[in-house]
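Before anything else, here's the structure in question.
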Amino acid sequence: MPKELRTVLWVGNRVKLIDQRKLPSKLVYISCKSYRDVALAIKSMAVRGAPAIGVAAAMGMALAAKHGRNRTIGELMSRLERAKEVLASTRPTAVNLYWALDRVMRVAREAARSGSVESVVLSVLEEAKRMADEDVEVNRALGKQGSTLIRDGDTVLTHCNAGSLATVCYGTALGVIRAALEEGKSISVIATETRPKLQGARLTAFELKTMGVPFKLITDGMVGYAMQQGLVSKVLVGADRVLAKSGHVVNKIGTLTIAIAAKHFGIPFYVAAPTSTLDFESSPEDVVIEFRDEEEVHYVGRTRITPKGVKAMNPAFDVTPPELVTAVITERGIYEPTRLMELRQG
């Protein structure tokens, strides 16, 4: 994948998204004409990764503003509220989704106080585009911060996909690896396959291969062995939500298991998360863990791997407590998980 290829972009009054369901065999875009198209893309995981979902939702709001029959500001604001409700219902766990929707609505309300329908529409569109550009710059800054933790010769284990595909561009966890490479450091990666959707095998492997990073792919169950054999220098993962008050990290299912193993073997466990992924209000008991269709567990691609009649459980995320997290890397610095509330100020 070219270095600057964007996952989410606005083209000709439509939202274009890389269809991540087709990777790695095909690199194709889908074109969303309405906010409902964007909502379906998020729900079906055509677009995934907390930062990418947030920007896609913001652009979905721009579609709602742009293509509605809005004769009055009141009609426009009602349409935006409906769009926000639909988009917010797509995936319950990643906080960037709600952060982005709230940010767009704040801009819309401000423009509505003294402007026209046209000015509100323009303000929403400009904000969505601004958020996309900001995401790239934030990830670059986060990568630069995190690269200070990576030493020449390190082997970094990562889980799920937290690269360019999970963001607008550049990546969070893979952004740190990318930044370290740009500084001339020689590093390698171990990537987990990440069952059941195989984001590591399909997406992270695709990105690492394109970047030219030496890496090996392992099944999720091989993590303990790799650590026991001294093959892992550091663990570096992304996050879908980080609870700033408590330091708990919500990320792809399997993250907790990796963190426990890393603690046992004395391996640093780092989380790369932009400040848009920080939740300053919630406690662990407030987090809604998304449960997806159990068919995702029964099938790999179109091939069923379980006997018919077998029941499966499919939580998409788990929660890692702060005592298992060495530090959280943000674009504004590197923090112990219990110090994240400091980022609320300023």
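Every read-out reported here was derived from the displayed coordinates using simple, explicitly stated rules and does not represent laboratory data. In this text, all values refer to a predicted model and were calculated from it rather than measured experimentally. Note that we place each Cβ from the backbone using ideal geometry, even for glycine, and neighbour counts take in every protein chain shown.
Any idea what the dipole of region 8-140 comes to, in debye rounded to 20, about its Cα centre with Lys/Arg Cβ at +1 and Asp/Glu Cβ at -1?
480
Evaluate the Debye formula for region 143-344 with equal point scatterers sitting on the alpha carbons, no solvent, and hand back log10 of I(q)/I(0) at q = 0.09, 0.13, 0.18 Å⁻¹, in q order, two decimals.
Taking Cα atoms of region 143-344 as identical point scatterers yields -0.32, -0.68, -1.28.
Past 20 Å, Cα to Cα, is the threshold; run Lys43/Lys84; Lys234/Lys263; Lys144/Lys197; Lys22/Lys216; Lys129/Lys245 against it and keep the listed order.
In this structure, Lys144/Lys197; Lys22/Lys216; Lys129/Lys245 lie more than 20 Å apart at Cα.
On a full-extension model of 0.36 nm per residue, what is the gain between Arg71 and Lys43, subtracting their alpha-carbon distance, rounded to one decimal in nm?
Full-extension gain reported as 7.0 nm.
Rounded to whole Hz and in sequence order, give me ³J(HN,Hα) for region 160-173 from the Karplus expression 6.51 cos²θ - 1.76 cosθ + 1.60, θ = phi - 60°, writing x for Gly and Pro.
Each residue's phi maps through the Karplus curve to give 6, 10, 10, x, 4, 5, 8, 10, 5, 5, 5, x, 9, 4 Hz.
Follow-up question, since we're still on this one. What is the mean projected area of the alpha carbon convex hull for region 8-140, to one decimal in square nanometres?
Value for region 8-140: 7.7 nm².
Can you compute the label reach from Glu323? Point 7 Å from Cα along the Cβ direction, backbone N cut-off under 17 Å, restricted to region 219-258.
Flagged as within label range: 246-249, 256-258.
Moving to a separate point now. If the only charges are +1 at each Lys and Arg Cβ and -1 at each Asp and Glu Cβ, what is the size of the charge dipole of the chain around the Cα centre, to the nearest 20 debye?
Result for the chain is approximately 1040 debye, rounded to the nearest 20.
Which label marks the calculated value of Cα extents along the principal axes in Å, given the options (i) 58, 44, 38; (ii) 66, 53, 40; (iii) 78, 41, 35?
Computing Cα extents along the principal axes in Å and matching it to (i) 58, 44, 38; (ii) 66, 53, 40; (iii) 78, 41, 35 gives (ii).
Could you compute the FRET efficiency for Lys185 and Leu231, with r as their C-beta to C-beta distance and R0 at 25 Å, rounded to 0.05?
That gives a FRET efficiency of 0.90.
So, in Å, what gap is there between the alpha-carbon centers of region 288-344 and region 65-113?
Distance between centres, Cα-based: 27 Å.
A follow-up question, please. What fraction of the DSSP beta bridges in the chain is antiparallel, stated in percent and rounded to the nearest 5?
Expressed as a percentage, antiparallel bridges in the chain total about 55.
Per DSSP H run of n ≥ 4, the term is -39500 (n - 2.57); total these for the chain, divide by its residue number, and report the mean residue ellipticity at 222 nm rounded to 500 deg cm²/dmol.
Only helices count here, giving -12000 deg cm²/dmol.
Now, a different point. What FRET efficiency, computed as 1/(1 + (r/R0)^6) with R0 = 56 Å and r the Cβ-Cβ distance, is obtained for Glu118 and His264, rounded to the nearest 0.05?
Efficiency, rounded to the nearest 0.05: 0.40.
Right, next: If I model a spin label at Glu110 and Met313 as a point 7 Å from the Cα along the Cα→Cβ vector, what separation in nanometres do I get?
Here the answer is 4.5 nm between the modelled labels.
Set Lys and Arg Cβ to +1 and Asp and Glu Cβ to -1, take the dipole of region 227-346 about its Cα centre, and tell me which of Ile260, Phe317, Thr306 lies farthest positive.
Thr306
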